[in-house]
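Novice: Just passing along the structure, written as structure tokens.
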Amino acid sequence: MLRAELLGRQAQRESAARTYARTIPVAPVSATGAEVTGADGRAYLDCLSGAGTLALGHNHPAVVEGLQAALASGVPLHTLDMITPQKDAFSEELLERLPGSLRHHAKLHFCSPAGTDAVEAALKLARHATGRSGIVSFTGAYHGMTLGASSVSGPERMRGPAAEAQPVTRLPYPYGYRCPFGVGGEHGAGLSARLLESYLTDPSSGMAPPAAVILEVVQGEGGVIPAPDSWLREIRRITAAHGVLLIVDEVQTGIGRTGHYWACERAGVTPDILVTSKAVGGGLPLALIAYRPDLDTWLPGDHTGTFRGNTLAMVAGRITLRTVAEEQLAERAEKLGARLRLGLRELARAFPQIGEVRGRGLMTGAELVDPGAAPDALGARPAAPEFARAVQAACLDRGLILELGGRGGAVLRLLPPLVLTDAQAGAVLDRLGDALAAVCAAPHGRPERAA
Ligand code: PMP
């Protein structure tokens, strides 16, 4: 009853843009590890974990203890960008964990607390440091929701050079399953990189030299699409050769999620600007960029914000950064992710609606397709978003929270905490298999929903 009341009042009060609240009508009241209990008393396995934020799961004892100790000690909870011992310790920990040449040497810029704020900062810094305005991004990318707040603000310095004209060139992301070049695999990915090089070298390409290329190593919202290492290395080579900055958005992939501490490390690539948020705050809001020190061309006040000094987020973030490293949770993510994908591939044999299973570490996706429709030249059938929504609902009925993503929302995405147990991984697969069977057995593709 309480659940229905809470959801009813929420629907009345909150915006029509609500998302998770609609597809996952759970009113969480308590949570531990990978398990969430709703106001209806039901327990759910959480394979969304705050959209990939809760690397250590809900209420990890070390995080809770650290937060309680900080609160009891009377530390100021909010300090703008003034230094505190907690921020100092967080920075030290992060610097120690950064990839490649950024380790120990990067400059850190603490942003307003969302991933999108850090992306804004990265783009602005790239434009500032290069004096150029263009940005190259990729099809299917997700970098955040802010609508260029600074572009509608008054003072010129808030916008940085040429902000009003920030031309964006989108290139095809190496999405092998639906390769825009019709060839797939490493070959298709190679063509995507080659296109970038061609744009940069052809004086008549129509693309002015950009300030930066921004990318996700594994597209999350775009449908859990890992880019081949060879592609990432090529993009790194090309950007370096042409003086274009490489921004790697590790908002979702960072802190062990993909089986490496940072997803870019697998390919041995170090970005010029690394964007991080979500797990870096240990479940509390925190976002920052880490970048090559010579790019630090900003003057005091060029990029500010009120909420850049969340002491509790620094405490939770430091504990999370350290725990992921010390408990080798990236390796665990790799192992458990492989197990989930293996299980999903087994399910794909029974359910031809599973068109492709892919992912890296504990970022796993299953793209659902219409098995009755004709395949394209690469063998991919049309996406089945309605079916995916029905499976998501059937999973919820069976106590499994997962999210959809991808083009048209036809990809089941599993983003559990890195502390998911082996038994829980098995339960995830069981529930998913049951849900698929139930949806397939239902007369109109939608099983009766449990109350
Ligand atoms: N970048 C990536 C790769 C993301 O996945 C997200 C959020 N899903 C963002 C940026 C934006 O983060 P936020 O929602 O905290 O603004």
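Since every read-out is calculated from the coordinates, none of them should be taken as a lab result. Remember, predicted model here, so these are calculated numbers, not experimental data. Note: ideal-geometry Cβ built from the backbone for every residue, glycine included; neighbour counts use all protein chains shown.
Novice: Can you give me the orientation-averaged projected area of the convex hull built on the Cα atoms of segment 162-265, in nm²?
Specialist: Working: hull surface 29.0 nm².
The orientation-averaged projected area of the Cα hull of segment 162-265 comes to 7.2 nm².
Novice: So which trypsin sites (Lys or Arg not before Pro) in segment 1-94 pass both tests, a DSSP loop state and at most 15 other Cβ atoms within 10 Å of the Cβ? Let's see the in-between values first.
Specialist: Numbers: sites: Arg3, Arg9, Arg13, Arg18, Arg22, Arg42, Lys87; in loops: Arg18, Arg42.
Of the trypsin sites (Lys or Arg not before Pro), the ones in loops of segment 1-94 whose Cβ has at most 15 other Cβ atoms within 10 Å are Arg18, Arg42.
Novice: While we're on this one: What GluC sites (Glu not before Pro) does segment 1-107 have in DSSP loop regions with at most 11 other beta carbons within 10 Å?
Specialist: On the way: sites: Glu5, Glu14, Glu35, Glu65, Glu92, Glu93, Glu96; in loops: Glu14.
Loop-located and lightly packed - Glu14.
Novice: Report, in cubic angstrom per residue, the convex hull volume of the C-alpha atoms of segment 366-407.
Specialist: 70
Novice: Give me the mean projected area, in nm² to one decimal, of the convex hull enclosing the Cα positions of segment 75-326.
Specialist: Taking a quarter of the hull surface, the average projection is 13.0 nm².
Novice: Determine the principal axes of the Cα atoms in segment 323-363, then give the extent along each, sorted from largest to smallest and rounded to whole angstroms.
Specialist: Largest to smallest, the principal-axis extents are 40, 12, 9 Å.
Novice: Gln10 to Arg194: extension gain in nm, 0.36 nm per residue of separation minus the Cα-Cα distance?
Specialist: Roughly 61.4 nm would be gained on extension.
Novice: Per-residue ellipticity at 222 nm for the chain, helices alone: DSSP H runs ≥ 4 residues times -39500 (n - 2.57), over residue total, nearest 500 deg cm²/dmol?
Specialist: Computed ellipticity for the chain at 222 nm equals -11500 deg cm²/dmol.
Novice: Right, something else. Under 1.5 on a/c is rounded, so check that first for the chain, then, if it is not, pick prolate when a/b is larger than b/c and oblate when it is not; a ≥ b ≥ c are the square roots of the alpha carbon gyration tensor eigenvalues.
Specialist: Verdict is oblate for the chain.
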